Number of protein chains: 2
Amino acid sequence: MAITSIGDFTTIAGATVTGAEISYRRHGEFRGNAYDNNVILVEHALTGDTDVTEWWPGLIGPGLALDTDRFCVICTNALGGCGGSTGPSSVHPDGRAWGSRFPALSIRDLVEAERRLLEQLGIYHVHAVIGGSMGGARALEWTLMYPTFVDAACIIAVSARASGWQIGIQTAQISAITRDPDWHGGDYYDICDGPREGLSAARRIAHLTYRGEMEIDERFGTIAQQGENPLGAFRRPDQRFAVNSYLDYQGRKLVERFDAGSYVTLTEALNRHDVGRGRSGLNKALYSSTVPTMLVGVDTDILYPFHQQEHLSRNIGQLMGLRKLVSPVGHDAFLTETRQMDRILRMFINKANDGAEPTDGFGHDPEGVWNI
Amino acid sequence: MAITSIGDFTTIAGATVTGAEISYRRHGEFRGNAYDNNVILVEHALTGDTDVTEWWPGLIGPGLALDTDRFCVICTNALGGCGGSTGPSSVHPDGRAWGSRFPALSIRDLVEAERRLLEQLGIYHVHAVIGGSMGGARALEWTLMYPTFVDAACIIAVSARASGWQIGIQTAQISAITRDPDWHGGDYYDICDGPREGLSAARRIAHLTYRGEMEIDERFGTIAQQGENPLGAFRRPDQRFAVNSYLDYQGRKLVERFDAGSYVTLTEALNRHDVGRGRSGLNKALYSSTVPTMLVGVDTDILYPFHQQEHLSRNIGQLMGLRKLVSPVGHDAFLTETRQMDRILRMFINKANDGAEPTDGFGHDPEGVWNI
């Protein structure tokens with residue numbers, strides 16, 4: 001993983017992160033030049049990071065769908081995150097954590113910060129951008145903010161804007177964190193370990209929107225956690241149904257690897273997701289898109305129901321296709337249904353290449369290797 | 001509203017509520033006798049109460065679907081509630097609130113307590129039982145625990161058992177309450193106003209499962225609450241999207257009318273809902289049912305998806321029919337889609353009467369009026 005400074009970064013809403021840095025990771029050799037190359041940007045979801053082969057296994061590597069023998073896959077950590085990029089837990093120029101001084105971000109801010117990073121790397125155009133969930137929101141904004149920057153986009157399990165329901169359930173997660181006494185208004189970094197209970201509670205709620213309800217039921221139903229009795233004479237939090245043990249585990253796991261401040265910041269960015277804002281409305285914005293775009297959804301997605309991808313497909317300017325993952329898993333299927341995603345990504349790569357004449361960017365000029 | 005003592009009540013799990021009381025309300029004259037009468041039990045949902053014409057308007061009254069010129073509609077408050085029946089906020093024999101000493105309840109406990117009340121009133125049989133959501137769970141248990149007690153049942157927007165997803169999201173609500181510092185382990189009654197923030201947070205989560213996601217989006221989308229700016233440079237809880245203002249309002253409203261201890265107790269009862277438990281499994285239990293049962297679901301229900309009512313309909317012993325409410329409203333449609341519910345309840349009443357020979361219970365003997 002590398003970290004590059006993008007200088008002072010001012011958000012659309014007008015706050016500045018001084019000395020912002022963006023971390024990234026690269027798989028495969030860069031070929032081409034600043035304006036014509038083999039770069040594929042992969043955008044991570046809410047709690048993802050630059051380690052794309054870790055969170056999206058089986059899809060990125062030599063011979064895989066995103067073939068690193070052909071492509072240079074770059075994955076950046078979102079501004080506001082905690083995987084190397086500047087976020088609330090990062091050190092402010094005054095030596096203390098940013099904490100509550102870290103501004104609210106929009107999805108567009110995340111894209112803008114990423115563009116600044118690529119500019120620093122000497123990249124002014126990429127072949128494709130791919131992302132799911134929050135990564136899909138970023139990929140979609142890429143096509144609208146910088147349509148000439150990308151040849152094609154694959155946008156997975158996301159919508160054109162946050163829905164009322166999403167804002168509601170996401171704000172419930174933010175509230176679970178901020179009501180934790182260890183949140184300290186977001187300035188817990190010098191005081192304690194942070195709002196671990198709150199972050200865990202937020203993740204438990206989130207996880208129920210990431211998975212299919214029938215899948216969770218099939219796995220757990222009303223079964224008791226082994227060695228525990230959730231049917232006792234009095235309710236006891238340590239006597240659980242198996243599903244609650246599973247959700248507790250998901251919460252604990254996140255607490256170990258993710259910062260609560262980043263969780264709040266990026267969840268808020270999702271609340272603000274709306275490609276129509278300042279662009280004369282949603283459908284007009286989508287219609288204006290000139291980037292060939294593949295849309296993907298999941299039939300059992302609770303968080304971003306498939307009708308939202310249908311809506312995108314009806315309105316986006318240059319539709320390459322709409323594909324549906326069929327899976328009991330729900331939203332997370334784009335991370336877990338590797339075989340289906342493999343097919344879809346290969347189709348996307350083929351279609352994206354069909355449109356373009358062969359150029360240096362696709363390995364025809366092995367000399368054109370940049371060292372990024 | 002009347003309140004009747006049912007004596008010491010011991011739960012299935014073995015805890016005792018000494019001197020338990022159950023409140024109830026009656027609409028329409030009782031006709032018939034202890035074993036043959038015109039009583040229709042209406043079972044309220046989680047935060048409902050005995051005031052059935054208030055929370056289910058347009059359906060109960062003279063000439064309405066549940067015609068109080070013909071029927072005697074009785075609505076009891078669930079044990080554990082806070083609408084007159086004994087619950088955590090009630091006074092323990094020692095003069096202080098029950099609080100954490102109030103036991104965990106199952107749906108079967110709620111039914112048993114209600115049966116004890118009816119027994120006190122001299123009623124050993126009713127014509128029909130009707131309920132939605134938690135009320136549906138109770139109605140379903142009525143048909144399995146006391147099949148000869150009811151002629152017919154109408155079970156709305158519920159499942160044969162809690163699903164893993166339901167237990168997860170319901171426990172998230174319990175946790176929102178119990179993590180509130182004002183919860184005090186359930187013994188807040190003498191100390192403070194109780195976990196108002198936590199209860200409000202629980203309700204906000206719950207409300208998102210009570211309504212259809214497309215309905216909420218259609219109403220609120222990404223619109224800002226009037227006079228507030230949710231897109232400012234920093235996240236501020238007092239600068240909200242309209243949907244969050246709406247959810248805050250739902251939370252506040254509940255806090256004013258409902259006790260957090262009762263919310264936890266009855267939510268936990270829903271977690272324990274499982275008609276298969278101790279009855280050789282779910283489908284065997286359903287198949288054993290001898291009570292003619294009408295099933296009703298909502299096409300957009302997130303909390304109790306329609307496939308759960310389909311499951312019930314495939315397995316229940318005596319199926320009168322399966323009806324689907326078509327509504328954007330989601331789970332709450334059984335409370336709000338009065339016209340559709342009117343038709344369904346009239347059909348149910350007709351079918352329930354078809355099976356039975358005319359008896360004193362249906363107004364043929366106006367002398368047979370009991371004063372309950």
Exercise. Report yes if A:GLN226 is more than 9 Å from chain B (Cβ to nearest Cβ), among the polar types (S, T, N, Q) and surrounded by 14 or more Cβ atoms within 10 Å (Cβ to Cβ), otherwise no.
Key: no
Quiz prompt | Tally of residues being buried (at least 22 other Cβ atoms within 10 Å of the Cβ) and in a helix (DSSP H, G or I) across the stretch A:184-194 | solution = 1
Quiz item: In this structure, does A:HIS127 turn out to be touching a residue at least 60 places away in the same chain (Cβ under 8 Å), farther than 24 Å from A:THR265 by Cα and in contact with a strand residue (DSSP E or B) (Cβ under 7 Å, 6 or more places away or on another chain)?
Solution: yes
Quiz item: Quick one: is A:TYR189 outside the structural domain of A:ILE6 (by TED's automatic domain parsing), among the aromatic types (Phe, Trp, Tyr) and in contact with a Phe, Trp or Tyr (Cβ under 9 Å, 6 or more places away or on another chain)?
Solution: yes
Quiz item: Is at least one residue of the stretch B:93-110 within 14 Å of chain A (Cβ to nearest Cβ), outside any loop (DSSP other than H, G, I, E, B), surrounded by fewer than 21 Cβ atoms within 10 Å (Cβ to Cβ) and in contact (Cβ under 8 Å) with a residue 12 or more places away in the chain?
Solution: yes
Quiz item: Taking the stretch B:137-172, which residues are within 8 Å of another protein chain (Cβ to nearest Cβ), touching a Lys or Arg at 6+ places or on another chain (Cβ under 9 Å), of a type outside the set (A, V, I, L, M) and within 22 Å of B:ARG279 (Cβ to Cβ)?
Solution: B:ARG161, B:GLY164
Quiz item: Can you tell me how many residues in the stretch A:108-139 are of a type in the set (Phe, Trp, Tyr) and within 24 Å of A:TYR210 (Cβ to Cβ)?
Solution: 0
Quiz item: Could you list, in sequence order, the residues of the stretch A:135-173 that are assigned to a helix (DSSP H, G or I), charged (D, E, K, R) and touching a strand residue (DSSP E or B) at 6+ places or on another chain (Cβ under 7 Å)?
Solution: A:ARG138
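Just to verify a result, which residue in the stretch B:239-260, among those that are away from chain A (no Cβ under 11 Å) and surrounded by fewer than 20 Cβ atoms within 10 Å (Cβ to Cβ), is nearest to B:ALA176 (Cα to Cα)?
Result: B:ARG252.
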Quiz prompt | Which numbered condition A:ALA176 misses (of (1) surrounded by fewer than 24 Cβ atoms within 10 Å (Cβ to Cβ); (2) outside any strand (DSSP E or B)) | solution = (1)
Exercise. For the stretch B:22-34, name all the residues that are surrounded by fewer than 20 Cβ atoms within 10 Å (Cβ to Cβ) and either of a type in the set (Asp, Glu) or touching a Gly at 6+ places or on another chain (Cβ under 6 Å) (or both).
Key: B:GLU29, B:ALA34
Quiz item: Restricting attention to the stretch B:251-268, which residues are within 12 Å of B:ALA202 (Cα to Cα) and among the polar types (S, T, N, Q)?
Solution: B:THR267
Quiz item: From the list A:TRP183, A:TRP98, A:TRP142, which residue is aromatic (Phe, Trp, Tyr) and not assigned by TED's automatic domain parsing to the domain that holds A:GLU310?
Solution: A:TRP183
Quiz item: Is it fair to say B:THR222 is within 25 Å of A:TYR263 (Cα to Cα), in a helix (DSSP H, G or I) and outside the structural domain of B:HIS127 (by TED's automatic domain parsing)?
Solution: no
Exercise. Count, please, the residues in the stretch A:195-210 that happen to be buried (at least 23 other Cβ atoms within 10 Å of the Cβ) and within 8 Å of chain B (Cβ to nearest Cβ).
Key: 5
Practice problem: Determine, yes or no, whether A:SER175 is within 8 Å of another protein chain (Cβ to nearest Cβ) and either of a type in the set (Ser, Thr, Tyr) or touching an Asp or Glu at 6+ places or on another chain (Cβ under 8 Å) (or both). | Solution: yes
Quiz item: Out of the residues in the stretch B:264-289 that are part of a helix (DSSP H, G or I) and more than 12 Å from every other protein chain (Cβ to nearest Cβ), which is surrounded by the most Cβ atoms within 10 Å (Cβ to Cβ)?
Solution: B:LEU286
Practice problem: Confirm whether A:ARG236 is at the interface with chain B (Cβ under 10 Å from one of its Cβ atoms), in a loop (DSSP other than H, G, I, E, B), under 26 Å from B:ALA13 (Cα atoms) and not hydrophobic (A, V, I, L, M, F, W, C). | Solution: yes
Exercise. Read through the list (1) assigned to a helix (DSSP H, G or I); (2) more than 7 Å from chain B (Cβ to nearest Cβ), then give the number of the only condition that A:ILE216 fails.
Key: (2)
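The values are calculated or read from the model by the stated rules, or taken from the named source; none is laboratory data. Please read these numbers as outputs of a predicted model, since none were measured by experiment. A quick note on method: Cβ atoms are made from the backbone with ideal geometry, for glycine too, and the neighbour counts reach across all protein chains shown.
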